[in-house]
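The values are calculated or read from the model by the stated rules, or taken from the named source; none is laboratory data. Being a predicted model, the structure only gives us computed values, none of them experimental. Cβ placement follows ideal geometry from the backbone for every residue including glycine, while neighbour counts extend to all protein chains displayed.
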Amino acid sequence: MDFIRWERPIEEPVTIAVIGSKRLYQQLQVVAAAKKAKGREFRIIEISETDSTEGIEVLYVGLGYKSNWQTIFEDARANSVLTVGEEDQFLEAGGLIQFSIQRNRLRFALNLDEAENYQLSLSSKLVQLAVR
């Protein structure tokens, strides 16, 4: 994962967890299979909003989980898990990457202030690509 550095050791397969988006979970399964064929291994899992994030590197939080964000973010910070979402106020609540559609293009914003609390380093290349 070239754009993000974890302070804890990361071993393959890299685990990506999805809360609340069956469609994204299925799409990531297809991408992971293609990556495995090219020598990079990812494990894609579905979890619930109450499951631990231990052993996970990236967590996507689907729409409709605002009431659980604080609990999810606290657990993710404790386990150094990159949190990704697309719902309004995701960054302001403590998430790290928020996707949005702007002018028919997929964009993302970063919460740089919070990255240190997750014990993650975001590369300058990633910061340059972000909307804010």
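The residue that is nearest to I10 (Cα to Cα), among those in the stretch 110-122 that are crowded, with 17+ Cβ neighbours inside 10 Å and hydrophobic (A, V, I, L, M, F, W, C), is L120.
When A33 is tested against the conditions (1) under 26 Å from V131 (Cβ atoms); (2) free of Cβ contacts under 8 Å to residues at least 12 places away in the same chain; (3) not aromatic (F, W, Y), the lone failure is (1).
Can you pull out the residues in the stretch 89-108 that are of a type in the set (A, V, I, L, M, F, W, C) and surrounded by 12 or more Cβ atoms within 10 Å (Cβ to Cβ)? Of everything in the stretch 89-108, those that are of a type in the set (A, V, I, L, M, F, W, C) and surrounded by 12 or more Cβ atoms within 10 Å (Cβ to Cβ) turn out to be F90, L91, A93, L96, I97, F99, F108. In the stretch 1-107, counting only strands (runs of 3 or more DSSP E) that sit wholly within it, the ones holding 1 or more residues that are at pLDDT 95 or above, touching a strand residue (DSSP E or B) at 6+ places or on another chain (Cβ under 6 Å) and more than 20 Å from L122 (Cβ to Cβ) span 14-19, 42-46. Just so you know, in the stretch 29-87 the residues that are among the small types (G, A, S) and surrounded by 20 or more Cβ atoms within 10 Å (Cβ to Cβ) include one that is nearest to V14 (Cα to Cα), and it is A76.
Take the conditions surrounded by fewer than 18 Cβ atoms within 10 Å (Cβ to Cβ), of a type in the set (K, R) and more than 24 Å from E114 (Cβ to Cβ) and apply them to R23. Does it pass?
yes
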